[in-house]
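The values are calculated or read from the model by the stated rules, or taken from the named source; none is laboratory data. In this text the structure is predicted, and so the values were computed from the model without any measurement. Note: ideal-geometry Cβ built from the backbone for every residue, glycine included; neighbour counts use all protein chains shown.
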Amino acid sequence: WFSEVAERTAVLIAKWQGVGFTHGVLNTDNMSVLGLTIDYGPFGFLDAFDPKFTPNTTDLPGRRYCFANQPDVGMWNLAQLASTLSTANLINDEEVKYVMAKYASRFMDEYQSVMTKKLGLEKYNKDLISTLLTNMAIDKVDYTICFRALSNIKTTPDLPDDELLSPLKPVLLDISKERKKAWIDWSQQYTHELASSGIPDKERKISMDYVNPKFVLRNYICQSAIDAAEQGDYTEVRRVLEVMQNPFDEQPGMEKYARLPPAWAYRPGAPSGGSDLKAFLNALTIWTWPSTHRTAYSCTL
């Protein structure tokens with residue numbers, strides 16, 4: 001049983017890392033033995049890629065539960081569960097060591113699989129993926145939009161540099177010549193890797209768009225819906241719910257929900273994450289609670 005809990009936890013957190021989801025408060029009581037995401041408190045999705053991102057303002061000093069730390073926190077929480085099981089003589093030390101090692105290997109296997117699919121590769125390429133994430137962190141590139149845009153990169157040989165980078169222009173804003181060269185170098189390595197697989201660009205795009213969401217529940221989107229809901233208008237709440245139920249679809253006409261966050265979302269003092277997302281869920285619960293039946297519907301992201 002404990003081994004299955006560990007594997008489910010590993011798979012869940014690997015998938016979080018894949019879509020840029022940060023839970024925000026991974027206390028042991030906020031973990032599920034079923035490998036489900038529970039306790040939607042101060043959670044958030046990455047905007048500009050920052051491994052140290054945390055949507056929890058109380059976590060800012062130490063960033064214990066930041067995006068990059070989630071895999072290790074998952075292991076630590078499992079260790080606390082193991083301690084309880086050991087005290088009750090339900091497992092022994094050897095079983096604990098085995099399960100903890102299994103968590104680590106299962107997480108890495110799942111994470112590598114997730115990232116390989118996100119880039120449309122046939123096999124895991126550590127250097128290519130690590131360099132991409134490093135570039136994204138340096139240039140504060142939007143996590144969701146960047147990965148979605150990668151499916152539009154062409155494997156046509158000898159493309160001019162500007163044409164090669166064209167799909168990434170929406171996220172490569174105000175970068176220096178030096179940084180542009182870094183992205184060109186990476187893109188050339190990437191297209192070479194893609195070309196060697198022999199998978200047609202159109203076929204690859206379909207598979208990549210299937211795992212790279214176009215829409216995620218960003219904080220500023222929630223804030224706009226909350227502002228309207230507080231005035232009694234739930235139109236935006238309904239629209240956001242509809243869009244987020246199909247995050248991988250193109251959804252023509254809904255492009256505004258897939259754009260970079262507006263400037264006001266980055267200003268000091270702007271709403272920063274969890275509280276607004278939680279308020280959105282509260283607004284959603286109110287809207288989906290008909291006065292005639294008083295039946296609340298669950299909301300799963």
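So, in segment 108-122, exactly how many residues are more than 14 Å from TYR190 (Cβ to Cβ) and not small (Gly, Ala, Ser)? Counting residues in segment 108-122 that are more than 14 Å from TYR190 (Cβ to Cβ) and not small (Gly, Ala, Ser) gives 7.
Residues that are among the β-branched types (Val, Ile, Thr) and either part of a loop (DSSP other than H, G, I, E, B) or free of Cβ contacts under 8 Å to residues at least 60 places away in the same chain (or both) within segment 37-62 comprise ILE38, THR54, THR58, listed in sequence order. Taken over segment 136-188, residues that are closer than 20 Å to LYS117 by Cβ and among the polar types (S, T, N, Q) amount to 5.
Taking first residues from segment 203-215 that are among the acidic types (Asp, Glu) and partners that are surrounded by fewer than 19 Cβ atoms within 10 Å (Cβ to Cβ), the Cβ contacts under 7 Å between residues at least 6 apart in sequence or on separate chains come to ASP209/PHE248. Scanning segment 73-102 for residues that are outside any helix (DSSP H, G or I) and in contact with a helix residue (DSSP H, G or I) (Cβ under 6 Å, 6 or more places away or on another chain) gives a single hit, ILE91. Which residue out of ASP59, ASP47 is more than 25 Å from ASN135 (Cα to Cα) and of a type in the set (D, E, K, R)? The unique qualifying residue is ASP59. Determine, yes or no, whether ASP29 is modelled with pLDDT under 90, assigned to a helix (DSSP H, G or I) and charged (D, E, K, R). Against the criterion (modelled with pLDDT under 90, assigned to a helix (DSSP H, G or I) and charged (D, E, K, R)), ASP29 qualifies. Just name the residue that is surrounded by the most Cβ atoms within 10 Å (Cβ to Cβ) out of those in segment 35-73 that are farther than 23 Å from CYS222 by Cβ and out of contact with any Phe, Trp or Tyr (no Cβ under 7 Å at 6 or more places or on another chain). Selected residue: ASN69. A count restricted to segment 222-236 and to residues that are of a type outside the set (A, V, I, L, M, F, W, C), in a helix (DSSP H, G or I), more than 17 Å from TRP264 (Cα to Cα) and touching a residue at least 12 places away in the same chain (Cβ under 8 Å) stands at 1. Being assigned to a loop (DSSP other than H, G, I, E, B), under 22 Å from the mean Cα position of the chain (by Cα) and surrounded by fewer than 20 Cβ atoms within 10 Å (Cβ to Cβ) holds for only one residue in LEU133, LEU121, LEU173, LEU128, and it is LEU173.
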